[in-house]
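Chemist: So that we are looking at the same thing, I have put the structure below in structure tokens.
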Number of protein chains: 2
Amino acid sequence: MSKFTYTQIDEAYKRIHSQILRTPLVVSEYINSLTKANVYFKLENLQWTGSFKLRGALNKISQLGVSEKKYGVVAYSSGNHAQAVAYASKINQISAVVIMPKNAPLIKINSTKKYGAEVILYDPLNESREEIGQKISKDQQRVLIKPYDDLDIIAGQGTSGKEIAEELTNLNIFPDIYLCCCGGGGLIAGTSTYLKYQFPKINCYSVEPNEFNDTQVSLENKRIISVVKGSESICDALLAFQPGDITFAINQQTLLGGLSVSDNEVKNTIIQLAENLKIIAEPGGAVAASALLNKKIETKNKTIVVMVSGGNIDNNFYSKIVRDN
Amino acid sequence: MSKFTYTQIDEAYKRIHSQILRTPLVVSEYINSLTKANVYFKLENLQWTGSFKLRGALNKISQLGVSEKKYGVVAYSSGNHAQAVAYASKINQISAVVIMPKNAPLIKINSTKKYGAEVILYDPLNESREEIGQKISKDQQRVLIKPYDDLDIIAGQGTSGKEIAEELTNLNIFPDIYLCCCGGGGLIAGTSTYLKYQFPKINCYSVEPNEFNDTQVSLENKRIISVVKGSESICDALLAFQPGDITFAINQQTLLGGLSVSDNEVKNTIIQLAENLKIIAEPGGAVAASALLNKKIETKNKTIVVMVSGGNIDNNFYSKIVRDN
């Protein structure tokens, strides 16, 4: 693998910055007092399409050549990459086919269609999205836009880290800890690369659902390990069984370790974020905040950056979480 | 009344800026395409204590003299000013008594107590909060912190407008329209003063619940008019029967007119803001967005600033709105 550095993220930012929201970095005095820390929340749930995924999709799709654009793209995704590819394709005026699990949140399926993509639903227990994607790519000459294991995607997601670094630098603040969700590892690979460049002493941690903590286990074992299939989690965006080859190679360099949280911890965090930050986070988008609020690491007197990566949760499911609380 | 200008807001900002969140100004590509406009949402629901009210309370309380601080303060409020006064009192280490309607949202009553204020509940149909407040003020020598009809409060709320103006100026953007909720009129008086100073051509509109459109009617009649008591609205923060003397004198200078929305329109807007902006807005905080989304004014090709003033809604009520939708 060619070396991946912050410069590729700077390049990506030049390419996409006019087509994304520069998402806010906010502080809650209540959560600061609760954790005895200075916590900065990066609100990628406010990003257009409802998650950070737009950054990577735009960086990839805007670099396609004229002949590639002619046949369009294909992608597989649990939902946030799907919406991002659909939206990025729409504004680049190319055709998109997206393969999504049939049990994906309705809000994600409907938004993907709304942006004009053709949606193909598959059964995640009995079918392989990679195989379906590769077949469509071959048959229809569509470029496959991978969800994370691609340097252009990783560089795009990393632009969120660049924004964090710029804002903290302007405030003359040096963060001690960075907590970020991890599915395939694209967002954390990109953002941790930028944050480690700007703040060499920062300690970066991946946060995953307990049963899908493949990056945590892989980091501990210093090699890619798969978790056993068959588990479930409400964190639909983070159900990867193993890290990507490219993302893991980067994350081994930038991360100090991995953390994980339970579904119940995530549900409580979603409510805490609504009550105290007045934001809607989806389960996968709330795991980093959940690691913070459930004290998975020592926080006292630390300056901590927490990624809130997405907000695409079905209103009815959100409503149910509140009722069951 | 002494002349109120942007300079008092600049002074207030110097006083309070280190004790508040500089709230984000965000854009939704989806809402832009829906309205065919460029819309900037100012997210005061993310402000500490969950609403803009902290700005005014801090500006007022931080200017109290040593002898005034000794006896503490008293305030009456439907809930957001209550929390703001309680929090501002706490960080200024003074005692606070707050008079709240017994039917105020639980989240507001509980937060006010959490910040250490003594809460006195009253019956809004049969008791006068002003009378209770004045009695306590006299008996206990507490300074009465009015919710809106006070130049220091108005200047404090105006700092949100200063932040909007600075951010748009940096982007070289000149807004055409400003939509802001209006209860007693403090927030809109302060923010519209600053926005008119920075952008003299901007058209500012108050937005109220249909049955509590006293500012709209008063603007049309060029004098203070009361609406008939006895109506109800889910917008608990905006149930003023008539404009304040001071706020109306300012708003007559700065506002082009008033708009109003129904409770059902507000409920739909709360859901739209959750789905598209991923934020929690309370009913009163959503009326300006509701005027936009329900086309109360022509929006095509306009640049519009929309105030989202607060997010203190009971989770169960929020959940009910989603279920009933």
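Chemist: Could you list all residues from the range A:271-325 that are among the hydrophobic types (A, V, I, L, M, F, W, C), within 24 Å of residue B:321 (Cα to Cα), assigned to a helix (DSSP H, G or I) and more than 8 Å from every other protein chain (Cβ to nearest Cβ)? Write out each step before concluding.
Modeler: Filtering the range A:271-325 for residues among the hydrophobic types (A, V, I, L, M, F, W, C) gives A:271, A:273-274, A:277, A:279-281, A:286-289, A:291-293, A:297, A:304-308, A:313, A:317, A:321-322.
If we keep only those that are within 24 Å of residue B:321 (Cα to Cα) too, we end up with A:271, A:273-274, A:277, A:279-281, A:286, A:313, A:317, A:321-322.
Now drop any that are not assigned to a helix (DSSP H, G or I), which leaves A:271, A:273-274, A:277, A:286, A:317, A:321-322.
Result: A:273, A:286, A:317, A:321.
Chemist: I need the full set of residues from the range A:179-206 which are polar (S, T, N, Q), buried (at least 23 other Cβ atoms within 10 Å of the Cβ) and farther than 20 Å from residue A:298 by Cα, in order please.
Modeler: Within the range A:179-206, A:191, A:193 qualify.
Chemist: Restricting to the range A:19-72, name every residue that is over 17 Å from residue A:155 (Cβ atoms), more than 10 Å from chain B (Cβ to nearest Cβ), among the small types (Gly, Ala, Ser) and assigned to a loop (DSSP other than H, G, I, E, B).
Modeler: Within the range A:19-72, A:37, A:65, A:72 meet the criteria.
Chemist: Every residue in the range B:241-270 that is in a helix (DSSP H, G or I) and closer than 19 Å to residue B:147 by Cβ, please.
Modeler: B:245, B:246, B:247, B:248, B:249, B:250, B:251
Chemist: Still on this structure: Which one of the conditions (1) closer than 30 Å to residue A:22 by Cα; (2) under 15 Å from the mean Cα position of the chain (by Cα) does residue B:271 fail to meet, given that it meets all the rest?
Modeler: Going through the list (1) closer than 30 Å to residue A:22 by Cα; (2) under 15 Å from the mean Cα position of the chain (by Cα), residue B:271 breaks only (2).
Chemist: Working only within the range B:74-128, note down all residues that are of a type in the set (S, T, N, Q), in a helix (DSSP H, G or I) and touching a Gly at 6+ places or on another chain (Cβ under 8 Å).
Modeler: Taking the range B:74-128 first, the residues of a type in the set (S, T, N, Q) are B:77-78, B:80, B:83, B:89, B:92-93, B:95, B:103, B:110-112, B:126, B:128.
Of the ones still in play, those that are also in a helix (DSSP H, G or I) are B:80, B:83, B:89, B:110-112.
Across the range B:74-128, the qualifying residues are B:80, B:83, B:89, B:111, B:112.
Chemist: Moving on to the next point. Are any residues in the range B:33-47 over 19 Å from residue B:202 (Cα atoms) and surrounded by fewer than 22 Cβ atoms within 10 Å (Cβ to Cβ), and if so, which ones?
Modeler: Selection gives B:33, B:34.
Chemist: Among (1) crowded, with 17+ Cβ neighbours inside 10 Å; (2) farther than 25 Å from residue A:122 by Cα; (3) in contact with a strand residue (DSSP E or B) (Cβ under 8 Å, 6 or more places away or on another chain), there is one condition residue A:173 misses while meeting the rest; what is its number?
Modeler: (1)
Chemist: Please name all residue pairs, on different chains or six or more residues apart, with Cβ atoms under 7 Å, provided the first residue is in the range B:240-255 and is within 16 Å of residue B:193 (Cα to Cα) and touching a residue at least 60 places away in the same chain (Cβ under 8 Å) and the second residue is of a type outside the set (Phe, Trp, Tyr) and surrounded by fewer than 16 Cβ atoms within 10 Å (Cβ to Cβ).
Modeler: From residues that are within 16 Å of residue B:193 (Cα to Cα) and touching a residue at least 60 places away in the same chain (Cβ under 8 Å), the pairs are B:246/B:1; B:249/B:1.
Condition check ((1) assigned by TED's automatic domain parsing to the domain that holds residue B:15; (2) polar (S, T, N, Q); (3) in contact (Cβ under 8 Å) with a residue 24 or more places away in the chain) across all residues:
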| residue | (1), (2), (3) |
| --- | --- |
| B:155 | yes, no, yes |
| B:170 | yes, yes, no |
| B:212 | yes, no, yes |
| B:221 | yes, yes, no |
| B:230 | yes, no, no |
| B:235 | yes, no, yes |
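Chemist: If I filter the range B:198-212 down to residues being touching a helix residue (DSSP H, G or I) at 6+ places or on another chain (Cβ under 8 Å) and in a strand (DSSP E or B), which single residue comes out as farthest from residue B:177 (Cα to Cα)?
Modeler: B:209
Chemist: Moving on to the next point. Which members of the range A:89-125 meet the condition of being surrounded by fewer than 17 Cβ atoms within 10 Å (Cβ to Cβ) and farther than 24 Å from residue A:317 by Cβ?
Modeler: Of everything in the range A:89-125, those that are surrounded by fewer than 17 Cβ atoms within 10 Å (Cβ to Cβ) and farther than 24 Å from residue A:317 by Cβ turn out to be A:90, A:91, A:93, A:116, A:118.
Chemist: Take residue B:299 and tell me if it is assigned by TED's automatic domain parsing to the domain that holds residue B:223, out of contact with any Gly (no Cβ under 8 Å at 6 or more places or on another chain) and surrounded by 17 or more Cβ atoms within 10 Å (Cβ to Cβ).
Modeler: Yes, satisfied.
Chemist: Sticking with this structure for a sec: Given the residues B:259, B:238, B:255, which is the only one that is within 14 Å of the chain's Cα centre (by Cα) and of a type in the set (A, V, I, L, M)?
Modeler: B:238
The values are calculated or read from the model by the stated rules, or taken from the named source; none is laboratory data. Since the model is a prediction, treat every value here as computed from it, not as a measurement. Using ideal geometry, Cβ is built from the backbone for each residue, glycine included, and neighbour counts are taken over all protein chains shown.
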